[in-house]
Amino acid sequence: MLKKYKNTLIVTSIVTLIPILIGLILWNKLPEQLPFHWDINGNVDGWASKSVAVFAMPALMLVMQWVCIFASTADPKSANYNRQTFRLVLWICPILSFVLNTLVYSAALGHSLPVETVIPMLMGALFIVLGNLLPKMKQTYTMGIKLPWTLSNEENWNKTHRFAGKLWVAGGVITMATAFLGNFWIFMVIIALMCIIPTVYSYLLFRKQQKD
């Protein structure tokens, strides 16, 4: 599988590390301590040295990307991956690396972006993409809604993912629509419902299948 996506893997790895190049270009303009963590209200509550802020985040994202890739390729059911799903795995970490370091650099240079709005907008867009992909996903151990009854029953897997796909698209739209309210708890409630409701639906379907 890696050979098939070799070029995309190279490009995404480079994109993941681009924030390091940007940090080096801005090096003399950056302060010695950069904002590195924000609370639920979008206020900076953690700082990091210039070296850590510039090099650590992209490097960590690159490691995470490769861990996800190797976990996916080691999946006994990796043949069930479709092209769109695996491309998403390849692009999530590069996008996060670029967005998160943009937030860090802009705040350090006095042009702070509203983290409490940017992150929900980004996650809402991701939920919409995932929602469209979920109904197309076949059974795997690394992607999708992995529950004992979805993994053991293909019909349960398919119905759960079709249901969850619609729910996640709706959740993504609501997340993006409410992002400008700057309320982190709305975001957390939406995520919780997007996880709990498909799980309950899948379990009830499992119970029904047991009775039939």
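The values are calculated or read from the model by the stated rules, or taken from the named source; none is laboratory data. Quantities reported herein were computed from a predicted structural model and do not represent experimental measurements. Note that each Cβ is placed from the backbone with ideal geometry, even for glycine, and that neighbours are counted across all protein chains shown.
Identify, please: which residue in segment 149-165 is loosely packed, with under 15 Cβ neighbours inside 10 Å and touching a residue at least 24 places away in the same chain (Cβ under 8 Å) and is, among those, farthest from Pro114 (Cα to Cα)?
This residue is Glu155.
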**Request:** Quickly run through segment 75-86 and pick out the residues that are assigned to a helix (DSSP H, G or I) and free of Cβ contacts under 8 Å to residues at least 60 places away in the same chain.
**Result:** Ala79, Arg83, Gln84, Thr85
**Complete:** If we ask which residues in segment 117-146 are assigned to a helix (DSSP H, G or I), closer than 17 Å to Lys159 by Cβ and in contact with a Ser or Thr (Cβ under 6 Å, 6 or more places away or on another chain), their number turns out to be 1
**Those residues of segment 61-90 which are under 14 Å from the mean Cα position of the chain (by Cα) and hydroxyl-bearing (Ser, Thr, Tyr), in sequence order** = Thr85
**Request:** Report, by residue number, each residue of segment 12-36 that is over 17 Å from Met64 (Cβ atoms), free of Cβ contacts under 8 Å to residues at least 40 places away in the same chain and surrounded by 12 or more Cβ atoms within 10 Å (Cβ to Cβ).
**Result:** Leu21, Leu24, Gln33
**Prompt:** Among the residues of segment 92-136, how many are within 12 Å of the chain's Cα centre (by Cα) and hydroxyl-bearing (Ser, Thr, Tyr)?
**Reply:** 1
**Message:** If Lys50 meets every condition in (1) surrounded by 15 or more Cβ atoms within 10 Å (Cβ to Cβ); (2) within 30 Å of Leu181 (Cα to Cα); (3) touching a strand residue (DSSP E or B) at 6+ places or on another chain (Cβ under 9 Å) apart from one, which number is that one?
**Reply:** (2)
**Request:** Exactly one condition in (1) surrounded by fewer than 16 Cβ atoms within 10 Å (Cβ to Cβ); (2) touching a Cys at 6+ places or on another chain (Cβ under 8 Å) is not met by Gly110; state its number.
**Result:** (2)
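Against the definition (within 24 Å of Leu30 (Cβ to Cβ), of a type in the set (Val, Ile, Thr) and surrounded by 15 or more Cβ atoms within 10 Å (Cβ to Cβ)), how does Val89 come out, yes or no?
no
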**Request:** Please state which of the following conditions Phe70 fails to meet, knowing it meets all the rest: (1) over 23 Å from Thr140 (Cβ atoms); (2) without any contact (Cβ under 8 Å) to a residue 12 or more places away in the chain.
**Result:** (1)
**Prompt:** Out of (1) assigned to a helix (DSSP H, G or I); (2) modelled with pLDDT of 90 or more, what's the single condition that is false for Val89?
**Reply:** (2)
